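The values are calculated or read from the model by the stated rules, or taken from the named source; none is laboratory data. Here the structure is a predicted model, which is why all the values come from computation and not from measurement. For neighbour counting, all protein chains shown are included, and Cβ atoms are generated from backbone atoms with ideal geometry for every residue, glycine included. Side chains included, ligands, DNA and RNA excluded: accessible areas come from the protein's heavy atoms. Shrake-Rupley method; radii C 1.70, N 1.55, O 1.52, S 1.80 Å.
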Amino acid sequence: MTMTGPAVRHPGTAMTADQRAQFERDGYLVVPGVLDADEVAHYTEAIDRVYERHTREGEGLHLRGAVQSCPELAPLIDHPKMFGLVWSILGWNVHIYHSHLDVHPTVSAERPFRFEWHQDGGRQNREIETHPRPRMSVNVAYWLSDVSVPGRGNLKVVPGSHTTDWIAGPPSRNVPWPDPEDAIHVTANAGDVVFFDRRIWHARSENHSPITRKAAYFGYTYRWVRARQELTRELPGLSPVQQQLLGALGATDGDHAWGHAPHGVPLYTVLRETGNLDPGFPPLKP
Ligand SMILES: O=C(O)CCC(=O)C(=O)O
């Protein structure tokens, strides 16, 4: 199976009205079966090779810059069964500002407590003055291992908390503190995607199962928000949209991150050519 992307790839279909309503209400969605079994096997092997290079057996790996660390993951960033969720919410002037790949075998010993609950975006949560905080970004978690029951390193979320600016927490992160009352472990099968609003209060959980937890996370935001990891080198074989998403767009046609020159932004062109621009929604307005 060839996984390298063609020069122009279909951008997928817009989010359905039901998905949007659920996303707006809960702050997250589980999309089943985004990857088929062959794709799960292919990306798992790619991540396993990175794990072998970086980590001693039995240790956990949380590696930022997923595609930079594992170029074989590039087709995930605009996968046609997922990508419509991203541009339906954020529009075309987007890139990936934060990503990571994760391999977490069962925890061998309890680690010192750390309160992991957070909203994404760091200082965005202090420095922007509106209430509720603006969405700014969405996160896509591809599950390559089965987290269909709690205890396997599932993502924990507080459903509906994306419009809440504050949750109770300890005086410092190493002081033991219970999970929020309404917290849940999001369950998913290998091949599913968990799509979530960066503002939803969330945390990683420990893997207490014999199944090694494997996932790849991609955070999308507007191109005028700086990426946490710059693209450090040219990656061969990326489509123009993938180059945009990874911040590797050359200065074409006067383009810059403000999007004043939409025709120089590959995702704008692809969405226009596939009839996915939407005059009624400012981020997708032709
Ligand atoms: O690895 C996880 O399950 C959570 C990742 C996370 O919290 C994040 O990327 O902000």
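Which FRET efficiency value, to the nearest 0.05, do you get for Ala248 and Arg56 by plugging their Cβ-Cβ distance into 1/(1 + (r/R0)^6) with R0 = 22 Å?
Efficiency, from the Cβ-Cβ distance: 0.10.
Run lengths n ≥ 4 of DSSP H only: what is the helix-derived mean residue ellipticity at 222 nm for the chain, with -39500 (n - 2.57) per run over all residues, to the nearest 500?
Calculated from helices alone, the mean residue ellipticity at 222 nm is -5500 deg cm²/dmol.
Starting with the highest mean, order 27-33, 63-69 by the number of other Cβ atoms within 10 Å, averaged over the residues of each peptide.
Answer by packing, highest mean first, reads 63-69, 27-33.
Using Cα positions and a limit of under 29 Å, work out the lysines in reach of Lys214, with same-chain residues fewer than 8 apart set aside.
Cα-Cα hits under 29 Å: Lys81, Lys156.
Report the accessible area of Phe115, computed with a 1.4 Å probe over the heavy atoms of all protein chains in place, in Å² rounded to the nearest 10.
The value for Phe115 is about 20 Å².
Please give the Cα centre distance for the stretch 57-130 versus the stretch 151-174, rounded to the nearest Å.
16
Quick one: if the Förster radius is 22 Å, what FRET efficiency do His118 and Val149 give, using the C-beta to C-beta distance and rounding to 0.05?
About 0.35, to the nearest 0.05.
Report the accessible area of Ser172, computed with a 1.4 Å probe over the heavy atoms of all protein chains in place, in Å² rounded to the nearest 10.
Answer for Ser172: close to 50 Å² accessible.
Explain nothing, just compute: Karplus ³J(HN,Hα) = 6.51 cos²θ - 1.76 cosθ + 1.60, θ = phi - 60°, for every residue of the stretch 236-244 in order, whole Hz, x for Gly and Pro.
My calculation for the stretch 236-244 gives x, x, 7, 6, x, 5, 5, 4, 4 Hz in order.
Identify all aspartates and glutamates with a Cα-Cα distance to Lys285 below 16 Å; exclude those on the same chain that are fewer than 8 residues away in sequence.
Reachable aspartates and glutamates: Glu273.
In percent, how large is the relative contact order of the stretch 207-286, given Cα pairs closer than 8 Å and 6 or more residues apart?
17
How would the stretch 76-234 be classified by its alpha-carbon gyration tensor: rounded, prolate or oblate, with rounded meaning a/c under 1.5 and the a/b versus b/c comparison settling the rest?
Because a/c hits 1.5 or more and a/b fails to exceed b/c, the stretch 76-234 counts as oblate.
If I stretch the segment between Glu45 and His256 completely, what's the gain in nm (0.36 nm per residue apart, minus their alpha carbon distance), one decimal? Each step should come with its number before you reach the end.
On the way: separation 211, 0.36 × 211 = 75.96 nm, distance 3.64 nm.
Once the chain is fully extended between Glu45 and His256, it gains 72.3 nm.
Less than 15 Å from a label point 7 Å out along the Cα-to-Cβ axis of Asp179: which backbone N atoms in the stretch 113-127 qualify, by residue?
Backbone N within reach: 114-118.
If you filter the stretch 121-223 for GluC sites (Glu not before Pro), then keep DSSP loop positions with at most 15 other Cβ within 10 Å, what is left?
Glu129, Glu181
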